[in-house]
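The structure appears below as structure tokens.
We did not get these values from a lab; they are worked out from the coordinates using the rules stated. This is a predicted model, so every value here is computed, not measured. Glycine gets a Cβ as well: all are built from the backbone with ideal geometry, and neighbour counts include every protein chain shown.
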Amino acid sequence: MTLDQLIFNYELAKANVAGSGSSDDRKTYFDLVGYYEKRINAARRRAAPVGIGMSRDRLSSERFQ
């Protein structure tokens, strides 16, 4: 599943939580929101270039080891 599809499903699940009539439906959709959020975060981590979030000093020192 692409990142765009994951984000679409995440937004759809959030809309379904807001529009659900029963507490059972709300719990199901709320669980889906968390599920898609985890998958989106994992996909973003996989797609991030190496070195993002590292300090310049640490990145430089790791290159020359």
Inset, instruction - Find out how many positive minus negative residues lie around Asp31, taking Lys and Arg as positive, Asp and Glu as negative, among other residues whose Cβ is under 15 Å from that of Asp31. - result: +2
Legend entry - Neighbourhood charge, 15 Å Cβ-Cβ cut-off, centred on Arg45 and excluding it, Lys, Arg +1 and Asp, Glu -1: +3
